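Novice: Have a look at this one.
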Amino acid sequence: MSPFDRIVDRTGTESLKWVYPRKVLKVEDALPMWVADMDFEAPPAVVDALRLRVDHGIFGYPLVPPSFFAAAIDWLNRRHGWAVEKKGMAMTPGIVPALNYCVRAFTRPGDPVIIQTPVYHPFYYAIENNGRRVVRNPLRFDGRRYTMDLEDLRTRIDAPGRMIILCSPHNPVGRVWDRDELEALGRIAVERDLLVIADEIHHDLVFRGHRHHVLASLSPELAQQTVTCIAPSKTFNTAGLATAAVVAANPDLLKKFEDEAERSGFDLGNALGIVAFEAAYRHGEAWLDELLPYLEGNIDLIAAFLAERLPEIKLIRPEGTYLALLDCRALGLAPDALNEFFLKRAGVYFSDGLMFGKELEGFVRINFGCPRSVLREALERIERAVRSQ
Ligand SMILES: Cc1ncc(COP(=O)(O)O)c(C=O)c1O
């Protein structure tokens, strides 16, 4: 038995994932497979480090120790072949806050910001809630796989406010962008003076046959106009500890980012988040190397189950992350009816595809970061509901 097979009851921990469908949507026994955290315990080394810190009993304002950045620097070097320096890094309470700081720091009200849709919905909010304009550079979809439309991207770059928020690997389409695609995007960015905010939070969650390429590592010129957002929070399931980092080789960009974070009142971090961040990057590697094949096994289960028993629903096979799109268009249900069907008839709660963009009408996003028995139960529930339609 894999340690990831163990079912850990999250009741009583005020988990957003588990509470929302029950308390807000009032469906008592729906299996929650939506917001992006996993139903797995963090690596034992992370839990031990937190326990030690908790045992101390005093949780006053923390400093960020040099070892915090050193752990991330070692990880990025070892795992991603990317050499970064502490002077080019800053802590942030999360990637979503960092995206908001970037929008405010690098653009002015009314400016356009490009995103590659469909995409993680807080990208839209970071732009719109700060009074900027979303400019869509829709991904291409051949019915099976998504690719970037770089010809279209060229036509979207406009003055002023040349900025793009890149999602790499991409949530929710599950692409781990190839080096060629990223190099082509990078060339356009350099030629056209396009600032890239690279959200690489899913950088470690990459499956066999694929490799994550850090955009900023592709050329020194590109590094000068990229702000990269990283965190151990998706990889090691510590999102509730609200601690992440940005990397910017260009000191002007880093300074502007830090000034904006300060204007937002963010200065000191989360005492426990700092400990978990460092422990995860320092001691989490063996755990991650066990997690990845487990997640891949879950994808194989979804793929085989759908192919054999539910061919109406198609898996867009992800190359990374623990999130996958299900193309449910063949069920012929309108968007509200589709959500209602999964939640009330099947008893599973997925993310509505439309949340990520109008391109995903008829799709849902499943979070398969859960024990395999739970995933199997979810698939069987869907099968029963479809067959009794
Ligand atoms: C692409 C992407 N960026 C950011 C986040 C969330 O980042 P944080 O919790 O650090 O704000 C997520 C969570 O799912 C994500 O998928």
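The values are calculated or read from the model by the stated rules, or taken from the named source; none is laboratory data. Nothing here was measured: the structure is a model prediction, and the numbers come from that model. Positions of Cβ are backbone-derived with ideal geometry, glycine not excepted, and every protein chain shown enters the neighbour counts. Ligands, DNA and RNA are excluded from the accessible area calculation, which covers all protein heavy atoms including side chains. Shrake-Rupley method; radii C 1.70, N 1.55, O 1.52, S 1.80 Å.
Novice: Kirkwood-based Rg over Rh for segment 160-200 (C-alpha set), two decimals?
Specialist: Numbers: Rg = 10.6 Å, Rh = 10.7 Å.
Rounded to two decimals, Rg/Rh equals 0.99.
Novice: Okay, next question. Over segment 235-316, what is the mean sequence separation of C-alpha contacts under 8 Å (at least six apart), divided by residue count, expressed as relative contact order in percent?
Specialist: Details: 27 pairs, mean separation 25.3, N = 82.
Reported relative contact order: 31 percent.
Novice: Now for a separate question. Could you list, bin by bin from short to long, the percent of Cα-Cα pairs of segment 287-357 in 10 Å steps?
Specialist: 17, 47, 29, 7, 0
Novice: Ranked highest first by average number of other Cβ atoms within 10 Å, how do 349-361, 262-274 line up?
Specialist: So the order, starting with the most tightly packed, is 349-361, 262-274.
Novice: Here is a follow-up. Taking a virtual spin label 7 Å from the Cα of Arg387 along the C-beta vector, which residues in segment 300-321 bring their backbone nitrogen under 11 Å of it?
Specialist: In segment 300-321, the label zone of Arg387 (backbone N under 11 Å from the point 7 Å along Cα→Cβ) covers 309-310.
Novice: Share of segment 1-56's accessible area from carbon and sulfur, percent, 1.4 Å?
Specialist: Numbers: 2070 of 3470 Å².
Answer for segment 1-56: carbon and sulfur cover 60 percent of the accessible area.
Novice: OK, next. Normalising by the residue count of segment 145-301, find the relative contact order in percent from Cα pairs under 8 Å and 6+ residues apart. Could you put the intermediate results ahead of the total?
Specialist: Working: 192 pairs, mean separation 27.8, N = 157.
In percent, rounded to a whole number, it is 18.
Novice: When you count, for each residue, the other Cβ atoms within 10 Å and take the mean per peptide, how do 77-83, 177-183 rank with the highest first?
Specialist: 177-183, 77-83
Novice: Follow-up question, since we're still on this one. Between Asp252 and Asn129, take the C-beta separation as r, use R0 = 30 Å, and let me know the FRET efficiency to the nearest 0.05.
Specialist: Here the calculated transfer efficiency is 0.75.
Novice: Something else about it: With +1 on each Lys and Arg Cβ and -1 on each Asp and Glu Cβ, how big is the dipole of the chain about its Cα centre, in debye rounded to the nearest 20?
Specialist: Magnitude of the dipole: close to 520 debye.
Novice: Also: Here are some pairs, Lys17/Lys358; Lys17/Lys256; Lys234/Lys255; Lys23/Lys255; Lys234/Lys256; which of them have Cα atoms lying more than 31 Å apart in this structure?
Specialist: Numbers: Lys17/Lys358 24 Å; Lys17/Lys256 34 Å; Lys234/Lys255 26 Å; Lys23/Lys255 43 Å; Lys234/Lys256 26 Å.
Table pairs above 31 Å Cα-Cα are Lys17/Lys256; Lys23/Lys255.
Novice: So how far, in whole Å, is the C-alpha centre of segment 72-100 from the one of segment 4-39?
Specialist: The distance from the Cα centre of segment 72-100 to that of segment 4-39 comes to 30 Å.
Novice: Rg and Dmax in Å for segment 1-119, alpha carbons only: what are they?
Specialist: Rg, Dmax (Cα atoms, Å): 19.5, 54.
Novice: Could I ask something else about it? Calculate the all-directions average of the projected area of the chain's alpha-carbon convex hull, and give it in nm².
Specialist: Result: 18.8 nm².
Novice: Take peptides 242-253, 290-301 and line them up by average Cβ neighbours within 10 Å, highest first, as a rough protection proxy.
Specialist: 242-253, 290-301
Novice: Can you give me the relative contact order of segment 150-227 as a percent, contacts being Cα pairs under 8 Å and 6 or more apart?
Specialist: 34
Novice: Post the alpha-carbon centroid distance, segment 303-346 to segment 358-385, in whole angstrom.
Specialist: Answer, in whole Å: 6.
Novice: Quick one: pull the percent of accessible area on segment 166-216 belonging to carbon and sulfur, 1.4 Å probe, ligands and nucleic acids left out.
Specialist: 42
Novice: What does the charge count around Leu360 come to, taking other residues whose C-beta lies under 11 Å from its C-beta (Lys +1, Arg +1, Asp -1, Glu -1)?
Specialist: -1
Novice: Give the accessible surface of segment 200-287 per residue, rounded to a whole number of Å², with probe radius 1.4 Å and ligands, DNA and RNA excluded.
Specialist: 38
Novice: Looking only at Ala45, Ala189, Ala36, which one moves most when the chain is put into a Gaussian network model with springs between Cα atoms under 10 Å?
Specialist: Ala45
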